[in-house]
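The values are calculated or read from the model by the stated rules, or taken from the named source; none is laboratory data. These figures come from a predicted structure and were not determined experimentally. Note: ideal-geometry Cβ built from the backbone for every residue, glycine included; neighbour counts use all protein chains shown. Note: areas computed on protein heavy atoms with side chains; ligands, DNA, RNA excluded. Shrake-Rupley method; radii C 1.70, N 1.55, O 1.52, S 1.80 Å.
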Amino acid sequence: MAQQIYFYPAWLRFWHQINALMFLMLIVTGLSMQYGLFRIGFDVAVSVHNICGIILAFNYLIFIVGNLLSKNYKYYLLQFKGFFKDLKTQIQYYCLGIFRGQAPPFPLNKERKFNPLQKLSYAMVMFVFVPVMVLSGLALLFPQLILNKIFGIPGIILTDMLHIIAGFLGSMFMIIHVYFCTIGAKPTASFKSIINGYHEVAD
Ligand code: HEM
């Protein structure tokens, strides 16, 4: 039987599933507001977008508190020593090694839940893109909080731009993330693990 590691406790799975669902809803309603897609109607799209944004913000608090209490945050800590070398090794594996049937250069275990590329992208999305998205979204919901002008540019325009850029980068992350989740012991293995909590280690 393949070895299994319990990587995703219940609170993490709860956070992740709500986060993924809210992200999908925010992308659909965001695209609808911007391009009139999906025949949702502007007012409905705005209301659903605001509600999902608020749920995502509260859910982010679960992510922060859960990480602090469970020490899951240690998997996200970037090591500066050998950072670029490890990243290059992982990229080379994804571009070449994997097609030659080579073994992963950073096999996952209890101490290492993410490979260097996963670690960097998860840290960026969870500690840069999502906070910027949530904070700029809350500011747009309460525009009285936004400074009138920043360097001569209306604050609301800068906040809106920040929100759109963070939303775009978050959406790009999600597409790439789902693709990379198909790489594992089996194409469906990672998806099963984020549902039942157990990661299957490739032989
Ligand atoms: C339909 C959408 C999504 C699917 C199918 C999905 C799938 C998965 C799967 C299978 C895993 C476990 C494998 C791994 O650790 O790489 C995972 C973990 C993770 N996902 Fe997603 N994901 C989705 C959306 C998102 C979004 C929108 C975010 C962030 C904005 C996100 C952030 C993460 C993070 C940070 C982890 C690692 C959690 C931890 O162990 O600490 N995911 N996802």
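Laid out as a table, the results:
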read-out	value
With all protein chains modelled, accessible area of Asp43 [1.4 Å, Å²]	120
Nearest-ten-degree value, helix 83-95 long axis tilted from longest Cα axis of the chain	80
Within the range 41-138, trypsin sites (Lys or Arg not before Pro) in DSSP loop having at most 15 other beta-carbon neighbours inside 10 Å	Lys71, Lys81, Lys110, Arg112
Approximate shape of the chain as ellipsoid semi-axes (Cα gyration tensor, √5λ), whole Å, largest first	34, 19, 17
Within the accessible area of the chain (1.4 Å probe), percent carbon and sulfur	71
Set Lys81/Lys119; Lys81/Lys186; Lys85/Lys192 screened for pairs whose C-alpha atoms are more than 26 Å apart	Lys81/Lys186; Lys85/Lys192
For the range 188-201, 3J(HN,Hα) per residue [Karplus equation, 6.51 cos²θ - 1.76 cosθ + 1.60, θ = phi - 60°, Hz, x = Gly/Pro]	9, 4, 5, 5, 5, 5, 7, 9, 9, x, 9, 8, 8, 7
Kirkwood Rh, Cα atoms: Rg over Rh of the range 97-191	1.17
Rounded accessible area of Leu56 (nearest 10 Å², 1.4 Å probe)	10
Acute angle (nearest 10 degrees) that the helix 42-70 long axis makes with the longest principal axis of the chain, alpha-carbon atoms	40
Where a label projected 7 Å from the Cα of Leu145 along Cα→Cβ would reach, residues of the range 108-133 with amide N under 15 Å	131-133
Helix-only [θ]222 nm of the chain, DSSP H runs n ≥ 4, -39500 (n - 2.57) each, per residue, nearest 500	-20500 deg cm²/dmol
Exposure rank, largest accessible area first [Ser193, Ser171; 1.4 Å]	Ser171, Ser193
Choice from Gln17, Gln102, Gln118 with maximal GNM fluctuation in the chain (Cα, 10 Å cutoff)	Gln102
Listed residues Asn67, Asn19, Asn148, most fluctuating in the chain (Gaussian network, C-alpha, under 10 Å)	Asn148
GNM flexibility winner over the chain from Phe14, Phe173, Phe151 (Cα, springs under 10 Å)	Phe151
³J(HN,Hα), Karplus 6.51/-1.76/1.60, whole Hz, each residue of the range 24-29, x for Gly, Pro	4, 5, 5, 5, 4, 6
Accessible area in square angstrom per residue, the range 69-192, 1.4 angstrom probe	67
Spin-label model distance (nm) - Ile54 vs Gln102, 7 Å beyond Cα toward Cβ	5.1
The range 137-203-the range 70-114 distance, computed between alpha-carbon centres (Å)	21
Helix 155-180 vs. the chain, principal-axis angle (Cα, 0 to 90°, nearest 10)	30
Equivalent ellipsoid semi-axes, the range 25-106, via Cα gyration tensor eigenvalues times 5, rooted, Å	38, 23, 10
